[in-house]
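Notes follow the structure.
The values are calculated or read from the model by the stated rules, or taken from the named source; none is laboratory data. The model shown is predicted, which means the values in this text are computed figures rather than measured ones. So basically every Cβ, Gly included, is an ideal-geometry build from the backbone, and we count neighbours across all protein chains shown. Just the protein is used for accessible areas: all its heavy atoms, side chains included, with ligands, DNA and RNA removed. Shrake-Rupley method; radii C 1.70, N 1.55, O 1.52, S 1.80 Å.
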Amino acid sequence: MTRKADESEIDLTRQDLREVTGFAAACAQTVLAVFEEERPDDPRPRRAIETAREFADGGERGKALRDTAWAALKAAGEADGPAAREAARAATAAAGAAYLHPLAKATQVKHILGSAAHAARAAELVAGDDRGVGEDHVRRAADRAAPAVVDVLRRYPPAPAGGGRTGELLRLLDVLLTGGRGE
């Protein structure tokens, strides 16, 4: 199945959203310790990941997801180190993944892969900005993605340009999961 290039509606089921959110939560979990090492008394990113997991496991998609996503984003803004900020952004993206919109827009790919890209960037920064570490992290995320996540991803246009290094990692993961399309 190839992705649509227009902005038409995409068929998304509640189960599709749960699969994407579960993937995003698993990706964010890999770097949660980076944030917690800097801010051990700040539970906001952890709670965002937990709430994302609860939704992925059959919970409600509602206020708790939105609130924890916003709280994790605020925690990212309050973190001192860039790696901790990226780790908190991964948690924000995990909770936000449940709000993937059914519009065939490239920007929606960030809801699917954003958590993994921010997590990879956090790992890269912890390793002294070693790009190889970030790329290895993305490859592990690709291995973690269930076929259902890839199926949802293929319904959307390719990841958008921009976003700095995190955007590069997002596009790398997109290509790894979809095989690239040459569109």
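Some points to look at:
- Working from Cα pairs under 8 Å separated by at least six residues, relative contact order for the stretch 86-183 is 31 percent.
- Surface share of carbon and sulfur [accessible, 1.4 angstrom probe, percent] for the chain: 51
- Magnitude of the charge dipole for the chain, about its Cα centre and with charges confined to Cβ atoms of Lys, Arg (+1) and Asp, Glu (-1), is about 400 debye.
- Scoring 30-39, 161-170, 117-126, 59-68 by mean Cβ neighbours within 10 Å over their residues and listing the highest first yields 117-126, 30-39, 161-170, 59-68.
- Lysine pair count for the chain with Cα-Cα distance under 21 Å and sequence separation of 8 or more or different chains is 5.
- Mean separation of Cα contacts under 8 Å (6+ apart) over length of the chain, as relative contact order %: 28
- Only helical runs count toward this figure. For the chain, summing -39,500 (n - 2.57) over DSSP H runs of n ≥ 4 and dividing by all residues gives -21500 deg cm²/dmol at 222 nm.
- Stretching GLN15 away from ARG140 to a fully extended chain increases their span by 42.7 nm, per 0.36 nm per residue minus the current alpha-carbon distance.
- Where labels lie 7 Å past Cα in the beta-carbon direction, separation of GLU60 and ASP129 in nm: 4.5
- Of (i) 29, 20, 13; (ii) 24, 20, 13; (iii) 40, 24, 16, the label for semi-axes √(5λ) of the Cα gyration tensor in Å derived from the coordinates: (ii)
- Mean Kyte hydropathy of 0.5 or more with a Cα span along the axis of at least 24 Å, helices from DSSP in the chain: 109-126
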